[in-house]
Amino acid sequence: MNIIVCDNYSELSKTAAGIVAEAISGKKTCLGLATGSTPEGMYDCLAELYESGKCDFSGVVTFNLDEYYPISPDHPQSYRYYMNRRLFNRVNINKSNTHIPFGLAPDPELECAEYERQIAGAGGIDLQVLGVGANGHIGFNEPGDELMPLTHLTELSKSTIKANSRFFETVDEMPKKAITMGIKTILTSRRIVVLVSGAVKHEALKKLFEGKITASWPITFLNLHNDVTLICDRGAYNGTS
Ligand code: GLP
């Protein structure tokens, strides 16, 4: 694993954007994208790079890791809304090349199977950007006794509901389920870049560095992949804020 420790969040964001910009430059690229607060700075940097003519999204196809369920794509807390606002509306990407699980799919199982089919049809993911939950989740693969390999509908854990309900007006408004890529979907990406910021994520990083694999800490499954770049700030790396 290639580990890059940045002095602060802004350096982390710039470093991540540089890697993505280089990966997409001049070629057709299939990008896996993440939401949450961690990649926000990276998306700002990518929009700036695009404005200054330093990156081009015209040949880019994207697949997001996950989406709440049920949620309307127009809901301000949906990941579709997030991606449009933070990246897609700011760069020259063809929106029909952007994929996010449909939060109102009438048949979620079918939606999940179709999502897998679309990823395979696009030739697989070249570069997957990943964040991590404080409880070690990747995408919405929550800690538990078992993990699912492929895209599936999942119940969110109590700790994730607590952590993410801050974005909703009330806890009741927050969906309790999500559609997420599975562990195998993520690990099948050719390259993975993980962004980790803040002391609250230190425990998850510690588990990753221990090198063992356990469903109690889904992030540890990244130890199975041979092309992972971890970009973290000092808070996450040292556990101090
Ligand atoms: C969210 C997303 C994850 C994200 C994680 C961390 O709920 N489903 O893909 O990586 O939780 O979020 P944050 O970056 O806000 O800490």
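The values are calculated or read from the model by the stated rules, or taken from the named source; none is laboratory data. Every value quoted in this text rests on a predicted model; they were computed, and no experiment measured them. All Cβ positions, even for glycine, are placed from backbone atoms using ideal geometry, and neighbour counts span all protein chains on display. SASA here: full protein model, heavy atoms, side chains in, ligands and nucleic acids out. Shrake-Rupley method; radii C 1.70, N 1.55, O 1.52, S 1.80 Å.
Remarks
- Filter result for residue 69 (under 18 Å from the mean Cα position of the chain (by Cα), open to solvent by 20 Å² or more (accessible area, probe 1.4 Å) and within 18 Å of residue 182 (Cα to Cα)): yes
- Scanning the range 222-241 for residues that are of a type in the set (Ser, Thr, Tyr) and more than 15 Å from residue 131 (Cα to Cα) gives 240, 241.
- When the residues of the range 117-147 are filtered to those that are among the aliphatic types (A, V, I, L, M) and part of a helix (DSSP H, G or I), the one that is surrounded by the fewest Cβ atoms within 10 Å (Cβ to Cβ) is 120.
- If you check 21, 16, 34 for being within 15 Å of the ligand (Cβ to nearest atom) and over 26 Å from residue 165 (Cα atoms), only one passes: 16.
- Residue match in the range 10-17 (condition: of a type in the set (Val, Ile, Thr) and touching a Ser or Thr at 6+ places or on another chain (Cβ under 6 Å)): no
- Any hit, the range 164-176, residues being surrounded by fewer than 23 Cβ atoms within 10 Å (Cβ to Cβ) and under 27 Å from residue 19 (Cα atoms): no
- Candidate set from the range 82-112 (those that are of a type in the set (Ser, Thr, Tyr) and more than 14 Å from the ligand (Cβ to nearest atom)); member that is surrounded by the fewest Cβ atoms within 10 Å (Cβ to Cβ): 96
- Matching helices (runs of 4 or more DSSP H) fully within the range 148-221 where at least 3 residues are closer than 20 Å to residue 70 by Cα and not hydroxyl-bearing (Ser, Thr, Tyr): 158-164
- Options 198, 235; residue that is within 19 Å of the chain's Cα centre (by Cα) and within 13 Å of the ligand (Cβ to nearest atom): 198
- Subset tally (residues that are under 15 Å from residue 191 (Cβ atoms), open to solvent by 10 Å² or more (accessible area, probe 1.4 Å) and touching a helix residue (DSSP H, G or I) at 6+ places or on another chain (Cβ under 6 Å)) for the range 11-20: 0
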